[in-house]
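In what follows, a structure is listed as structure tokens, so that the remarks can point back to it.
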């Protein structure tokens, strides 16, 4: 089976990870723009990062037969500085035009502050104006429930079709509301702070397998670029048929991402 | 809510997942013992730390007779306010529990010494 990992941060991973992912059957990945672990000092720093996402990573992935797409934005962890945000937002449309960029992401909230919300709204305006797909980061841990609700309200205010928005990093207390409001839901397989494979499959069992994708969000933290393959194995151990596993790890993300004409599988 | 998907019988679920969850319960017990053994400045305040209060609230969910335990345990750790905070300047990570639980806890609650360093991408 060909896997799609629709949320992974390969700029933080090694080339050996690409090799392991290819051997495990991961053929397509999408990489949202995110936080580097430190705050960048200027829009020029983001320009370099966006170049990396749109030029270097697709070429590095292609050497292993992996298709690499990305998403462009200023991530919510660097959204408190409104002046920097405005400078970065000014260069975002230039990169959204590139052939491997599928939309705006990962935008959202981190600590649920007023400035973060303002920068989220700036991104949503760009997405609405250009009819872009949107990939949303929801906050960590204790901030997730409140942030998820604030984000969904903000998207609604911009009259963006929720079927073109994935609300990622959903967990037991948020996935039901995300799906009920018409959005796609992402489950992230990440040690300690997000879902284990077993819990993610539990969420599928209680919420169904429609409009849901699973991803690793592997990055510079303790994380696992093969997490999607391990979750598929969890489903297999529980007795799921192969067509359901394929739906979750290939067909669902392909259906969402395929709303962009740039996505070729 | 869609019809629930069930592929395993209860006995199979217990057979497959019991040992790892037995270990988790003992880890929690050992963690609480570790806090209890700690001495020195702050040892007493630790007992009223907002994270321990949230943890005990979550453990209560495990012991009650209700279902939907994972989602309700998540709520025990969650910020239940609805308005954005004024500023996130200097804040990146999450603690794993909501300091606001102190406003609803009985007795003294300690929230001033938390280092919220979970800040991966």
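Contact map, the range B:1-17: residues that are more than 8 Å from every other protein chain (Cβ to nearest Cβ) paired with residues that are part of a helix (DSSP H, G or I) and at pLDDT 85 or above, Cβ distance under 6 Å, separation 6+ or inter-chain. No pairs are found. Within the span defined as the range A:183-194, one or more residues are within 9 Å of chain B (Cβ to nearest Cβ), at pLDDT 95 or above and over 15 Å from the mean Cα position of the chain (by Cα). Just one residue in the set A:153, A:168, A:143, A:180 is within 13 Å of chain B (Cβ to nearest Cβ), under 22 Å from residue A:111 (Cα atoms) and surrounded by fewer than 18 Cβ atoms within 10 Å (Cβ to Cβ); that residue is A:153. Among the residues of the range B:57-102, the ones that are within 9 Å of chain A (Cβ to nearest Cβ), under 14 Å from residue A:172 (Cα atoms) and in a loop (DSSP other than H, G, I, E, B) come to 2 in all.
Any idea which of A:249, A:263 is surrounded by 23 or more Cβ atoms within 10 Å (Cβ to Cβ), more than 12 Å from chain B (Cβ to nearest Cβ) and either touching a residue at least 60 places away in the same chain (Cβ under 8 Å) or on the phi < 0 side of the Ramachandran plot (or both)? Even if it seems obvious, please write down each step before you answer.
Values: A:263 fails: surrounded by 23 or more Cβ atoms within 10 Å (Cβ to Cβ).
The conditions single out A:249.
Going by the structure shown, is residue A:10 over 17 Å from residue A:107 (Cβ atoms) and modelled with pLDDT under 95? It is false that residue A:10 is over 17 Å from residue A:107 (Cβ atoms) and modelled with pLDDT under 95.
Residue count for the range A:1-18 satisfying the condition of being outside any loop (DSSP other than H, G, I, E, B) and either within 21 Å of residue A:133 (Cα to Cα) or touching a residue at least 12 places away in the same chain (Cβ under 8 Å) (or both): 9. Taken over the range B:37-56, residues that are assigned to a helix (DSSP H, G or I) and modelled with pLDDT of 90 or more amount to 8.
Listed by position, the helices (runs of 4 or more DSSP H) inside the range A:51-169 whose residues that are within 16 Å of the chain's Cα centre (by Cα) and under 30 Å from residue B:96 (Cα atoms) number at least 1 are A:114-130, A:144-157.
Within the range A:195-215, if we keep just the residues that are part of a helix (DSSP H, G or I) and more than 10 Å from every other protein chain (Cβ to nearest Cβ), the residue that is surrounded by the most Cβ atoms within 10 Å (Cβ to Cβ) turns out to be A:200. For the range A:19-40, the criterion of being touching a residue at least 60 places away in the same chain (Cβ under 8 Å), assigned to a loop (DSSP other than H, G, I, E, B), in contact with a helix residue (DSSP H, G or I) (Cβ under 9 Å, 6 or more places away or on another chain) and surrounded by fewer than 16 Cβ atoms within 10 Å (Cβ to Cβ) is met by at least one residue.
The values are calculated or read from the model by the stated rules, or taken from the named source; none is laboratory data. These numbers come from a predicted model, not from an experiment. Reconstructed Cβ throughout: ideal geometry from the backbone, glycine too, with neighbour counts over all protein chains shown.
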